[in-house]
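Colleague: One structure, pasted below without further comment.
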Amino acid sequence: MTTSTVVPAAGTGSSGPAGEESTALLAELFDPATRPDPYPVYSRLREAGALHTTPFGLPVATRHADCVAVLANQDWGHDLEAHQMHPTLPAESFPTTFLWMEPPDHTRLRGLVSKGFTPRSVQLLRPRITALVDELLDNALAAGEFDLVETIAYPLPLTVICEILGVPAADHPAVQVWSQALARAFDPDALMSPEALAERNRAIPEFLEYFGALVERHRREPGDNLISALAQVEEAGDRLTADELLGTCVTLIIAGHETTVNLVGNGMLALLRNPDQLALLRAEPELIGPAVEELLRYDSPIHLNTRAAKRELEVAGRVFAPGEGVVALIACANRDPRAYPDPDRLDVRRFTSSAGGPPARHLSFSLGHHYCLGAPLALLEMELLLAAFVRRVSDAEITDDNPPYKPNLLIRGLAELPVRFRG
């Protein structure tokens, strides 16, 4: 990566007190001990400067306006992330994924897949998701005390995305294990332990071997699922290669459930820690839709995203040459007081028309042509879960005030959430 031609502003990792403060804050942020609550560090980092240089070479943008300028602009591409964030990943080991593509290939692959995730298509899943939510809550209420991550947060989105793709129910546990390893691998290689990198490198070929065999099975015996539909597209011509089909399966599994697991876990934790806001949802269930948007802003399942300049661009006073990258610190931007009044307060009314005008758009689904393909599905799953929860669960409490978090930085969420439910 080339070096910017301008002198970094204070807080960009330059020498001197500002640079020392930036380095110390980033070290604290990247420390796994900070996972339970990174937001005080984000606040100090945001106020210390708009850009900070990281140990993996890319500057991070901390403020909402700058992150919007990067994510919403198609002149910032996403196709160099594998090179910039994962230099130890052998190029041949991971199949093509539209997450790391730009038009026209990104447009072609996303267009093939997106038909299964339009708001209209997703709404057809409402009865199945409703039934699944009720089944999971039945189990939870029967248990009384349980781990919400294991009992609800994982099974809900994993079951839905696996059924969409055509993954047999008996294989869901194995897919979950592989997916967790690959979700961890989205963190920058420089921040991962040798053990985590080795686990990633073991999971990739196992995942690909499984999905390669599943694709062949659905090609021979097509069913009413997305893999069968995509396999037929592949056979119809060269619009979708075998490598692209495998990469799409991997992408949809990880993006289709790991992030929603964290939305459910983080969101339920936030509500249980803010009983006044949960009481509002019980009293006014019509707030559930806006509340999900607020939960996404308040504690995002995704904490950062990368882009690389396609031409000379400027962000936060720094000029980026073509090919230079930047990290949009999404979770930090979502708590920027320049964009949201009282940003550290959970407010389920924030995204309603009665809140005094539309708030700034949260960045948890990104923006622009890389806006999250599965956003309508994640929103529906969380809305139906909250609707059933406030209707069926009369009392709920956390039984561990300090629940453990997974070590993940990028896809951040709880490892466990011990709770007690009463009907």
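Colleague: Contact order normalised by length for the chain, with contacts defined as Cα pairs under 8 Å and 6 or more residues apart; what percent is it?
Modeller: It comes to 26 percent, rounded to a whole number.
Colleague: Quick one: net charge around Asp342, please, counting Lys, Arg +1 and Asp, Glu -1 for every other residue with C-beta under 13 Å from its C-beta.
Modeller: Net charge in that neighbourhood comes out at +2.
Colleague: Have a look at Leu214, Leu158, Leu329 and tell me which one the Gaussian network model of the chain (Cα, springs below 10 Å) gives the largest fluctuation.
Modeller: Leu214
Colleague: Here is a follow-up. Which whole-number value in Å² is the accessible area per residue of the chain, probe 1.4 Å?
Modeller: Accessible area per residue: 40 Å².
Colleague: Need one number: nm distance between label points at Ala170 and Glu216, each 7 Å from Cα along Cα→Cβ, rounded to one decimal.
Modeller: 1.8
Colleague: Under the Karplus relation 6.51 cos²θ - 1.76 cosθ + 1.60, θ = phi - 60°, what is the ordered set of whole-Hz ³J(HN,Hα) values for segment 334-342, x standing for Gly and Pro?
Modeller: 5, 10, 6, x, 5, 10, 9, x, 6
Colleague: While we're looking at this one, here's another question. From the list (1) 21.2, 65; (2) 20.4, 72; (3) 21.5, 72, can you say which value of Rg and Dmax of the Cα atoms in Å was derived from the structure given?
Modeller: Here Rg and Dmax of the Cα atoms in Å agrees with entry (1).
Colleague: So what's the back-of-envelope 222 nm ellipticity for the chain, counting only DSSP H runs of four-plus at -39500 (n - 2.57) apiece and dividing by all residues, rounded to 500?
Modeller: For the chain, the value works out to -14500 deg cm²/dmol.
Colleague: Determine the distance separating the Cα centre of segment 262-300 from the Cα centre of segment 344-423; give it in Å without decimals.
Modeller: 6
Colleague: Counting only complete DSSP H runs, which helices of the chain cover 24 Å or more along their long axis at the Cα atoms and score a mean Kyte-Doolittle of 1.0 or above?
Modeller: Helix filter hits for the chain: 375-392.
Colleague: If Lys and Arg each add +1 and Asp and Glu each add -1, what is the summed charge of the other residues whose beta carbon sits under 12 Å from the beta carbon of Arg311?
Modeller: -3
Colleague: Along segment 302-319, what does the Karplus equation 6.51 cos²θ - 1.76 cosθ + 1.60 (θ = phi - 60°) give for ³J(HN,Hα), rounded to whole Hz, x for Gly and Pro?
Modeller: Going residue by residue, I get 10, 9, 7, 8, 10, 9, 10, 5, 8, 8, 5, 9, 10, 9, 6, x, 10, 8 Hz, with x marking Gly and Pro.
Colleague: Please return the longest stretch of the chain lacking exposed loop sites, where trypsin sites (Lys or Arg not before Pro) count only if DSSP places them in a loop and at most 14 other Cβ atoms lie within 10 Å.
Modeller: That gives 1-238 as the longest site-free run.
Colleague: Out of residues 5 or more away from Thr53 or on other chains, whose amide H comes under 5 Å of its own, with H placed 1.01 Å from N in the peptide plane?
Modeller: Placed amide hydrogens put Gly13, Val60 under 5 Å from Thr53.
Colleague: Starting from the 7 Å offset along Cα-to-Cβ, what nm value, one decimal, do you get for the label separation of Arg349 and Arg311?
Modeller: Modelled inter-label distance: 4.6 nm.
Colleague: Also, quick follow-up: Quick one: if the Förster radius is 25 Å, what FRET efficiency do Arg391 and Arg128 give, using the C-beta to C-beta distance and rounding to 0.05?
Modeller: Efficiency, rounded to the nearest 0.05: 0.85.
Colleague: Students often get this wrong: which residues of segment 361-380 have the backbone nitrogen under 20 Å from the point 7 angstrom along Cα-to-C-beta of Ser114?
Modeller: 362-380
Colleague: Hey, another quick one. Given the protein chains as shown and a 1.4 Å probe, how many square angstrom of Cys372 are accessible, to the nearest 10?
Modeller: Accessible area, nearest 10 Å²: 40 Å².
The values are calculated or read from the model by the stated rules, or taken from the named source; none is laboratory data. What you see is a predicted model, and the numbers here were worked out from it, not measured in a lab. Cβ: placed from backbone, ideal geometry, glycine included. Neighbour counts: every protein chain shown. Areas reflect the complete protein model, heavy atoms only, side chains present, ligands, DNA and RNA absent. Shrake-Rupley method; radii C 1.70, N 1.55, O 1.52, S 1.80 Å.
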